[in-house]
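All remarks here apply to the structure that follows.
Every number in this text was worked out from the coordinates using simple rules, so none of it is lab data. Bear in mind that the values here come from a model prediction, so they are computed numbers and not experimental data.
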Amino acid sequence: METINRRKFVKQTVTAAAALAVPASVFGSTTAPLQFTQLPLPYTTAALEPYIDGLTMDIHYSKHHAAYIKNINEAIAAENISFTTEKEFFANTSKLSAKARNNGGGAWNHNFFWQVMKPGASGTPYGKVVAALDGAFGSVPKFIEQFNAAAMSRFGSGWAWLVKDGNTLKVGSTPNQDNPLMDVSELKGTPLLALDVWEHAYYLKYQNKRNEYIANWWNVVNWDEVAKRLN
Ligand code: MN
């Protein structure tokens, strides 16, 4: 009985894998081009309340982020984009169409954003993150002040970032769905922390009060993820 079920499962799995592999052949290459995948949300949509409301998270994840993923994978196929890694894709953003740039950024940035938040976070960094922030910015409050200023001063839609550039930590922002991995970005480095300051990220709960959204967001920052990326 178990053997039969297992065989049936294996057969179905192989069939599904074969079906998925078909699109790669249209590129005439044995190396499949990059596909962006929407990572599962690591908590429920209401888990970050009261700081980020469930309806905003639901729409943000299932509509906005899902659309970026769908659109970038469409663009990769339609435009024969042959990069095979995210690193290569972003390092060549200057050669991409606006659709590929905007949706590729949107796909990646949100996957990153969900990871650097968590329910029941401490609200304050600890351990080696404190040492690194003290070294780069003078103190944790000074870092938060600079990060908040970057998030507040980004006109229109964009992101605020903490990045590691070589041995230096930097704070800054990017417009639209650009990110610091892109060759076109003024701010460059490996992202350690990001905040989405598009109105879709906060408008239902905070309306025009971006400053309140930013202040409350620190309560859900996942410092474990920042520490992991600091290595
Ligand atoms: Mn967003």
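Subtracting the Cα-Cα distance of residue 231 and residue 97 from 0.36 nm times their residue separation leaves 44.9 nm of extension gain. Expressed in Å, the radius of gyration and Dmax of the Cα atoms of segment 99-231 are 13.9, 41. Residue separation of residue 85 and residue 37 scaled by 0.36 nm, minus their Cα-Cα distance, works out to 16.0 nm of gained length. Counting only the Cα atoms, segment 74-167 fills a convex hull of 149 Å³ per residue. In terms of its Cα atoms, the chain spans 59, 47, 36 Å along the principal axes, sorted from long to short.
Beyond 19 Å in Cα-Cα separation lie the following of the pairs 87/188; 142/164; 142/170; 170/205; 99/205: 170/205; 99/205.
Per residue, the average separation of C-alpha pairs within less than 8 Å and at least 6 apart gives the chain a relative contact order of 22 percent. Using the Karplus relation 6.51 cos²θ - 1.76 cosθ + 1.60 with θ = phi - 60°, the per-residue 3J(HN,Hα) values for segment 191-205 come to x, 10, 7, 9, 10, 7, 10, 5, 4, 4, 7, 8, 5, 4, 8 Hz, with x marking Gly and Pro.
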